[in-house]
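Working notes for the structure below.
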Amino acid sequence: MDPAILFRICNLAVLPGWALLVIAPRWKWTRLLIAPVIIPLLLAIVYLYLVASFFGSAHGSFGTLDGVMQLFTNPHVALAGWIHYLAFDLFIGSWEVRDSQAREISHFIVIPCLVLTFLFGPVGLLLYFIVRFALRNVLAVGEGLAAN
């Protein structure tokens, strides 16, 4: 499949998950299946296809910045890298929602974190950790929550 078409499909595929995290965060299917599992799982399948099909013939490596830049000159490898971001950012956004609900942090405070996680991944996660620490004095993941 043409990488430009696959890029558009994958970009569109994450939008329902992000929309549900923002507008229906307490809906059971948003929290437990759609955002954290189904969409990232589908993206992981596409990612696996791209890695299995194109990484072996790509030039470059992960050992140096120049090597990574060379890898990403291949459109299929660059697309795999982008899908990696899409899947992981959505997964992190869904964790932010679940964690904030467990800690009773207002969803309105979490929405800017979600927007930044969608747009700038680690910056949104950083903001969520700042909010979480400021409001609940918790930094460690899982701290203060009962084991499920």
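The values are calculated or read from the model by the stated rules, or taken from the named source; none is laboratory data. Here the structure is a predicted model, which means the values were calculated and not measured. We place every Cβ from the backbone using ideal geometry, glycine too, and count neighbours over all the protein chains shown. For accessibility, only protein heavy atoms count, side chains too; no ligands or nucleic acids. Shrake-Rupley method; radii C 1.70, N 1.55, O 1.52, S 1.80 Å.
Observations on the model:
- Which numbered condition residue 129 fails, given (1) without any contact (Cβ under 8 Å) to a residue 24 or more places away in the chain; (2) touching a Ser or Thr at 6+ places or on another chain (Cβ under 9 Å); (3) open to solvent by less than 80 Å² (accessible area, probe 1.4 Å): (2)
- Any chance residue 90 is at pLDDT 95 or above, surrounded by 23 or more Cβ atoms within 10 Å (Cβ to Cβ) and within 30 Å of residue 5 (Cα to Cα): yes
Listed here are the residues, each with its yes/no results for (1) outside any helix (DSSP H, G or I); (2) free of Cβ contacts under 8 Å to residues at least 24 places away in the same chain; (3) open to solvent by 60 Å² or more (accessible area, probe 1.4 Å).
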| position | (1), (2), (3) |
| --- | --- |
| 86 | no, no, no |
| 113 | no, yes, no |
| 118 | no, no, yes |
| 135 | no, no, yes |
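- Of the residues making up segment 22-69, those that are within 19 Å of residue 85 (Cβ to Cβ) and open to solvent by 90 Å² or more (accessible area, probe 1.4 Å) are 41, 42, 45, 48, 49, 62, 65, 69.
- Being among the aliphatic types (A, V, I, L, M), in contact with a His (Cβ under 6 Å, 6 or more places away or on another chain) and within 26 Å of residue 12 (Cβ to Cβ) is true of residue 50.
- Residue among 48, 43 that alone is without any contact (Cβ under 8 Å) to a residue 12 or more places away in the chain, in a helix (DSSP H, G or I) and under 20 Å from the mean Cα position of the chain (by Cα): 48
- Residue satisfying all of: in segment 93-102; free of Cβ contacts under 8 Å to residues at least 60 places away in the same chain and small (Gly, Ala, Ser); most open to solvent (accessible area, probe 1.4 Å) among these: 102
- Condition check for residue 140: farther than 22 Å from residue 23 by Cβ, of a type in the set (Gly, Ala, Ser) and loosely packed, with under 15 Cβ neighbours inside 10 Å: yes
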